[in-house]
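Peer 1: Can you read through this structure? Questions will come right after.
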Amino acid sequence: MIERWVSNHTEETIRDCTSVLELQGLLWESDIEYSVIIYDDDERQHSRPVATGSFSSNVIKCLAVHPSHEGTGLAQRVVTLLIEELSEKQVDNIFVFTKPSNIPAFQLLGFHEIVTADTHVTLMEQDPCGISRFCDQLHAHRVSGEHIGALVMNCNPFTLGHRYLIEQASRECSHLFILVVSEDRSEFSTDERLALIRAGVSDIESVTVLTGGDYVISRATFPTYFLKDDKLVRTSYARIDARLFARYLAPALGVTTRFVGDEPFCPVTRDYNRQLQEVLGESGIEVKVIRRLEHDGQAISASKVRSLFAQGRLGEITGLVPESTYQFLSSPAADRAKHKILAKMTVKEQSV
């Protein structure tokens, strides 16, 4: 066998990976950062790819073995090589999303089940104490009160629409926790988003802003490689998020109500909210939907703010963001985010 490590994929290496993935009914994911490919070194086979696995950030994904080589230990070898590479990168905890039927195989590789969404998706992690340690960190912020609320937010960047949600939610509970998506995949970095939220709510009493760590998962990075149906992807994401929150995060903070913003014209958000209501309701956690703030007849969106900001139309942003966000967007500190937005806009234009 020939083992190949790939950090910069070419059309050839992507083709080698997908040739194995497709035989197992799996898909390639565009955010992959690093892959291992194992080739059969039999010259008669022209060194065909027979096993592959990849990772993005701290998540192992797209693991597959050619049907002719199943049961030969290649899957374990691929995962071992990926773990070694992640360890070299000083990644503290490694995660994998997989089918529930694969739980025993990953347990043999040292992974521990965190949560399963029905029969479709299981989230596992390598650190046996990872989720409990994070819950201990949350518990340190716990406060007394009869009605404790929570909002899960990305805020890319923080807008007046986000502030309105927080204001309304805080009026309906004795204390409100804001859990911020911490995956650094947004145009504005985690540190920037946290700073903008904290500055934007500094005058609102009984609000605590916390990072969601590895356990508040963004829709943008939820893996889809083994879930081909878009509706199944959306449902599985919502139910993984809801079960993580109900089983671990809400008890750690004493949360009794989770607040979400409505989006009457978006069926994806509407279905997400419905899944949250169903799963959290089973744990006695209420889900309250808050109508979003509108500006000129339209709900305020961070995507519109990003577009105006990237185009240099700062004057049109003043009615969409608080002063603290406006000051940041007007400063050189926001240049990095502007370059990332412009790059994404360029790629989108080229794909049309």
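Any read-out appearing in this document is the output of simple, stated calculations on the displayed coordinates, not a laboratory observation. Note that the structure is predicted; figures quoted are calculated from it, not measured. So basically every Cβ, Gly included, is an ideal-geometry build from the backbone, and we count neighbours across all protein chains shown.
Peer 1: Please state the shape class of segment 2-91: rounded when a/c is under 1.5, otherwise prolate if a/b exceeds b/c and oblate if not, all from the C-alpha gyration tensor. Numbers along the way, then the final one.
Peer 2: Working: a/c = 1.61, a/b = 1.43, b/c = 1.13.
Prolate.
Peer 1: Another question about this same structure. Mind sorting Trp28, Trp5 by how few other Cβ atoms lie within 10 Å of their own Cβ, fewest first?
Peer 2: Final ranking by Cβ density, sparse to dense: Trp5, Trp28.
Peer 1: Further, regarding this structure: How high is the FRET efficiency between Glu323 and Ile14 when r is their beta carbon distance and R₀ equals 30 Å, given to the nearest 0.05? Could you put the intermediate results ahead of the total?
Peer 2: Values: r = 46 Å, r/R0 = 1.53.
Calculated transfer efficiency: 0.05.
Peer 1: Sticking with this structure for a sec: Hey, can you rank 144-150, 75-81 by average C-beta count inside 10 Å, highest first? Write down the numbers at each step before the final one.
Peer 2: On the way: 144-150: 16.6, 75-81: 18.9.
Taking the mean over residues of other Cβ atoms within 10 Å, the ranking is 75-81, 144-150.
Peer 1: For Lys338, Lys99, which order do you get if you count the other beta carbons within 10 Å of each Cβ and list the fewest first? Write out the running numbers ahead of the final one.
Peer 2: Values: Lys338 17, Lys99 13.
The fewest-first ordering by Cβ neighbours comes to Lys99, Lys338.
Peer 1: In addition: Which listed residue (Ile37, Gly212, Val78) has the Cα farthest towards the positive end of the charge dipole for the chain, taking +1 on Lys and Arg C-beta and -1 on Asp and Glu C-beta about the Cα centre?
Peer 2: Going by the Cα projections, it comes out as Gly212.
Peer 1: With n ≥ 4 as the cut-off for DSSP H runs, can you work out [θ] at 222 nm for the chain, using -39500 (n - 2.57) per run divided by the number of residues, rounded to the nearest 500? Mind showing how you got there, number by number?
Peer 2: On the way: 12 runs with 135 residues, N = 352.
Rounded to the nearest 500, the figure is -11500 deg cm²/dmol.
Peer 1: Using only Cα atoms and rounding to the nearest 10 degrees, what angle (0 to 90) does helix 160-171 make with the longest principal axis of the chain?
Peer 2: Around 70 degrees separate the two axes.
Peer 1: Multiplying the sequence separation of Ser206 and Arg247 by 0.36 nm and subtracting their Cα-Cα distance, what value in nm do you get? Kindly include the intermediate steps, with their values, before the conclusion.
Peer 2: Working: separation 41, 0.36 × 41 = 14.76 nm, distance 2.40 nm.
Full-extension gain reported as 12.4 nm.
Peer 1: Placing +1 at every Lys and Arg Cβ and -1 at every Asp and Glu Cβ, with all other atoms neutral, what dipole size does segment 2-91 have around its Cα centre, in debye to the nearest 20?
Peer 2: Working: 7 positive and 16 negative charges, 32 e Å.
So the magnitude is around 160 debye.
Peer 1: State the Cα centre-to-centre distance between segment 249-311 and segment 180-245 in whole Å.
Peer 2: Using only Cα atoms, the two centres lie 12 Å from each other.
Peer 1: Give me the one-decimal nm value for the distance between modelled label points at Ala343 and Asp191, 7 Å along each residue's Cα-to-Cβ direction.
Peer 2: Inter-label distance under the simple model: 1.8 nm.
Peer 1: Which of (1) 61, 43, 36; (2) 64, 53, 37; (3) 70, 46, 36 is the computed Cα extents along the principal axes in Å for the structure on display?
Peer 2: (3)
Peer 1: Below 8 Å, C-alpha to C-alpha, sequence gap of six or more: please give me the relative contact order for segment 133-351 in percent. Please report the intermediate quantities before stating the final value.
Peer 2: Details: 304 pairs, mean separation 57.1, N = 219.
The value is 26 percent.
Peer 1: Okay, moving on. Rounding to the nearest 10 and keeping the result within 0 to 90°, find how far the Cα-based axis of helix 11-23 lies from the longest principal axis of the chain.
Peer 2: Helix 11-23 sits roughly 80 degrees off the main axis of the chain.
Peer 1: Now a separate question. Among His175, Leu21, Asn58, whose Cα projects farthest towards the positive end of the dipole of the chain, with charges put on the beta-carbon of Lys, Arg (+1) and Asp, Glu (-1)?
Peer 2: It is His175, whose Cα lies furthest towards the positive end.
Peer 1: Report for the chain the percent antiparallel among DSSP-assigned beta bridges with both residues inside it, nearest 5.
Peer 2: Numbers: 27 of 48 bridges.
So the antiparallel bridges amount to about 55 percent of the total.
Peer 1: Under unit Cβ charges (Lys, Arg +1; Asp, Glu -1), what dipole magnitude, rounded to 20 debye, does segment 48-192 have relative to its Cα centre? Display every interim value, and only then the final one.
Peer 2: Working: 10 positive and 18 negative charges, 68 e Å.
Magnitude of the dipole: close to 320 debye.
Peer 1: Full-extension gain between Ala105 and Lys228, please, as 0.36 nm times their residue separation minus the C-alpha to C-alpha distance.
Peer 2: Details: separation 123, 0.36 × 123 = 44.28 nm, distance 2.22 nm.
The span from Ala105 to Lys228 would gain 42.1 nm if fully extended.
Peer 1: Can you compute the charge dipole magnitude of the chain about its Cα centre, using +1 on each Lys and Arg Cβ and -1 on each Asp and Glu Cβ, nothing else charged? Give it in debye, rounded to the nearest 20. Display every interim value, and only then the final one.
Peer 2: Working: 36 positive and 48 negative charges, 173 e Å.
For this selection, approximately 820 debye.
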